[in-house]
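Engineer: Handing you a structure now.
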Amino acid sequence: MSFRTPLGTARGLGSAKSGVAHWWGQRVSAIALIPLSLWFAGSVLQLTHAGYADVIVWLHTPWVAVLLSLFLVTLLYHAYLGVQVVIEDYVHHKGLELASLLLIKFTCILLGAAGVFTALRIAFGA
Amino acid sequence: MATDNRPVSPFWIYRWQITMTMSILHRATGVALAVGSLALVWWLVAASMGPEAYGGAQRFFSTWFGQFLLIGWTFSLFYHLCNGVRHLAWDAGWGFEIKSMYVTGYTVWVVALAMTAVTLWLAYSGGAA
């Protein structure tokens, strides 16, 4: 039998520890994604019937490389935060939950690194 | 335990309301868009590998399944974007009255579907190119 109060065992584990950072990160990235995703959707729409050469010309534009890199990083950060909550809500097996969270985190970082590297590689002329 | 008879989930005790569908759809479209980031990076990497690899990606996206995915991601983006703005408004403390819940909810549907329709119309008619 434990003589600790329920509050004593819960203190430091709740949202006061790190939950606010998650909440803010999700909101700030959401706000950033409003203009970024509209820009991306508009750009892709204009490239609907474009061929390979047009796409490369588009990707060569400096501000496209910058905005595309920002879009990728913000998107993947926001996606990670969102999918994290979905996993925490629906995956009840502790080990499986941790494994899924790691898999999603590593996948997002890998996609972000590959995406930004590729965007810059094309922009710098490869 | 005395707590065993408590209702555990609102899904079993509430009548259906559009707000619950909108809430779960926000998650579903979010997960769909997260999966879409894979396709985005794949498309970008294909473009960096040259015309042949890029042509392969383009061929995949022009199959019926590829088109299905692109249309799904288009709607998901606009829905998640519009409903996300609705969520941000709630975070700012605005729109919690039952009436505004419904007004903003239906507005999200109308705007998201309109944006999807215009985008698809421009894409398939070639109007934007």
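The values are calculated or read from the model by the stated rules, or taken from the named source; none is laboratory data. Owing to the predicted nature of the structure, the values given are computational and were not obtained by experimental measurement. Cβ sites come from the backbone with ideal geometry, for glycine too, and all protein chains shown count toward neighbours.
Engineer: Within the bounds of segment B:70-77, is there any residue that is in contact with a Phe, Trp or Tyr (Cβ under 9 Å, 6 or more places away or on another chain), more than 10 Å from chain A (Cβ to nearest Cβ), surrounded by 15 or more Cβ atoms within 10 Å (Cβ to Cβ) and among the aliphatic types (A, V, I, L, M)?
Structural biologist: no
Engineer: Please go through segment A:1-39 and pick out each residue that is of a type in the set (A, V, I, L, M) and modelled with pLDDT of 85 or more.
Structural biologist: A:A21, A:V28, A:A30, A:I31, A:A32, A:L33, A:I34, A:L36, A:L38
Engineer: Would you confirm whether or not segment B:50-60 contains a residue that is within 9 Å of chain A (Cβ to nearest Cβ) and either touching a residue at least 24 places away in the same chain (Cβ under 8 Å) or among the aliphatic types (A, V, I, L, M) (or both)?
Structural biologist: There is no residue in segment B:50-60 that is within 9 Å of chain A (Cβ to nearest Cβ) and either touching a residue at least 24 places away in the same chain (Cβ under 8 Å) or among the aliphatic types (A, V, I, L, M) (or both).
Engineer: Now for a different question. Quick one: how many residues across segment A:23-57 are over 21 Å from the mean Cα position of the chain (by Cα) and more than 21 Å from A:L111 (Cα to Cα)?
Structural biologist: Number of matching residues: 11.
So that you can scan it fast, the table gives a plain yes or no per residue for (1) over 13 Å from A:I122 (Cβ atoms); (2) exposed (fewer than 15 other Cβ atoms within 10 Å of the Cβ); (3) more than 7 Å from chain B (Cβ to nearest Cβ):
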{"site": "A:L36", "(1), (2), (3)": "yes, no, yes"}
{"site": "A:L45", "(1), (2), (3)": "yes, no, no"}
{"site": "A:I56", "(1), (2), (3)": "no, no, no"}
{"site": "A:L68", "(1), (2), (3)": "no, no, yes"}
{"site": "A:L76", "(1), (2), (3)": "yes, no, no"}
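Engineer: Let me ask something else. Among the residues of segment B:6-24, are any closer than 25 Å to B:A123 by Cα, surrounded by 13 or more Cβ atoms within 10 Å (Cβ to Cβ) and either modelled with pLDDT of 95 or more or more than 13 Å from chain A (Cβ to nearest Cβ) (or both)?
Structural biologist: The answer is no, given that none of the residues of segment B:6-24 is closer than 25 Å to B:A123 by Cα, surrounded by 13 or more Cβ atoms within 10 Å (Cβ to Cβ) and either modelled with pLDDT of 95 or more or more than 13 Å from chain A (Cβ to nearest Cβ) (or both).
Engineer: Tell me, which residue of segment B:98-123 that is among the hydroxyl-bearing types (S, T, Y) and either under 26 Å from B:A34 (Cβ atoms) or in contact (Cβ under 8 Å) with a residue 60 or more places away in the chain (or both) is farthest from the other protein chains (Cβ to nearest Cβ)?
Structural biologist: Among them, the one singled out is B:Y102.
Engineer: Still on this structure: Given the residues B:G126, B:G95, which is the only one that is away from chain A (no Cβ under 12 Å), more than 23 Å from B:S37 (Cα to Cα) and out of contact with any Gly (no Cβ under 9 Å at 6 or more places or on another chain)?
Structural biologist: None of the others qualify; the one that does is B:G95.
Engineer: Can you tell me which residue in segment B:59-73 is modelled with the lowest pLDDT, limited to those that are under 19 Å from B:W121 (Cβ atoms) and polar (S, T, N, Q)?
Structural biologist: Per the stated criteria, the residue is B:S62.
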